[in-house]
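The values are calculated or read from the model by the stated rules, or taken from the named source; none is laboratory data. Only a predicted model underlies this, so the values are computations on that prediction, with no experimental measurement involved. Methodologically, a virtual Cβ is constructed for each residue, glycine included, from the backbone with ideal geometry; neighbour enumeration extends over all protein chains shown.
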Amino acid sequence: MATAEPRVPTVRQRRLAADLRRLREAKGLSAEQVVSKFPGILNLPKLSRYENARSGAKPEIVEALLDLYGCDEGLRTVLLKIAGQKDQRGWWKGYSDTINPIYTDLISMESQAVEVKAFELGFVPGLLQTPDYAAAIISRLSAVPTGVEAMVDVRIARQRVLTRENPVKLCAVVHEAALAINAGEGVMREQLNRLAKMSRLPNIQIQVMPANTRPNPGLNGAFTLLEFPQRALDVVLTGATVRSSWVEDPTEVDIYRGGFHEIMAAALNVDDSLDFIIGKRDELT
């Protein structure tokens with residue numbers, strides 16, 4: 001008999017779990033004291049699962065716990081929103097055997113974000129890649145070459161957030177080195193042409209960081225900042241495919257936010273960046 005794969009909590013569920021535990025401890029309540037307030041509804045194993053993100057609590061239970069803990073209204077709104085999202089499913093669920101949990105989180109949150117701020121050192125951001133460029137990059141980096149086609153399908157499907165009704169706003173800063181990669185004959189020209197085209201959309205801003213730029217936070221590595229209507233929900237994804245990790249603490253997220261503004265200031269402005277991209281494209285004619 002096959003055993004079920006262990007449940008992997010999303011970044012949102014981990015945030016909710018951590019806050020539920022922190023709020024309980026700040027109130028000076030033991031787990032036993034909490035469950036005694038909800039006879040027949042809550043027990044110690046359930047509370048433990050909620051506080052360790054091993055299962056998701058229903059919104060009405062989260063609301064009752066927040067009432068007990070005296071949670072402030074701002075955080076309450078954020079946590080109830082997370083609790084209400086736990087059963088939501090998206091098109092990406094069909095690719096759960098192809099993409100890892102961190103990538104699943106990224107896709108889910110891109111679909112809910114109002115703005116994505118991305119800095120890339122070595123590659124064109126995934127939301128702006130052409131199918132051929134994505135295939136060329138993924139085939140060289142993927143540990144499972146047989147899954148390349150499905151992974152390309154996922155990457156291209158992600159891009160719908162940029163052209164849907166009420167699209168996500170994208171601010172992308174791409175290092176000059178990413179525009180010089182040899183991804184195959186004709187592939188890079190097509191990719192540069194797409195960047196030029198996408199940069200003309202009202203919800204997309206693309207800047208190029210020249211190789212001779214002054215020192216700035218971008219030299220620490222690539223990252224993506226996802227912003228939501230409730231600022232307390234903003235998160236950052238750092239690193240590359242193998243060592244990616246989420247930054248959830250609001251203070252740390254604000255550090256990345258400030259860093260991104262410095263990165264934009266160090267890059268070419270939007271018009272000069274478009275000229276740079278078109279010039280690179282025309283060199284490949």
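Computed quantities for the displayed model
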item: Positions within the stretch 191-221 being small (Gly, Ala, Ser) and over 24 Å from Asp271 (Cβ atoms), in sequence order; result: Gly221
item: Residue in the stretch 176-196 that is touching a Ser or Thr at 6+ places or on another chain (Cβ under 9 Å) and within 29 Å of Leu80 (Cα to Cα) present; result: no
item: Among (1) more than 30 Å from Ile107 (Cβ to Cβ); (2) surrounded by 13 or more Cβ atoms within 10 Å (Cβ to Cβ); (3) among the acidic types (Asp, Glu), the one test that Glu73 misses; result: (2)
item: Flag for Glu283 being without any contact (Cβ under 8 Å) to a residue 24 or more places away in the chain, surrounded by fewer than 14 Cβ atoms within 10 Å (Cβ to Cβ) and in contact with a strand residue (DSSP E or B) (Cβ under 8 Å, 6 or more places away or on another chain); result: no
item: Qualifying position, being assigned by TED's automatic domain parsing to the domain that holds Ile107, at pLDDT below 95 and either touching a Pro at 6+ places or on another chain (Cβ under 6 Å) or over 30 Å from Glu73 (Cα atoms) (or both), among Glu248, Glu185; result: Glu185
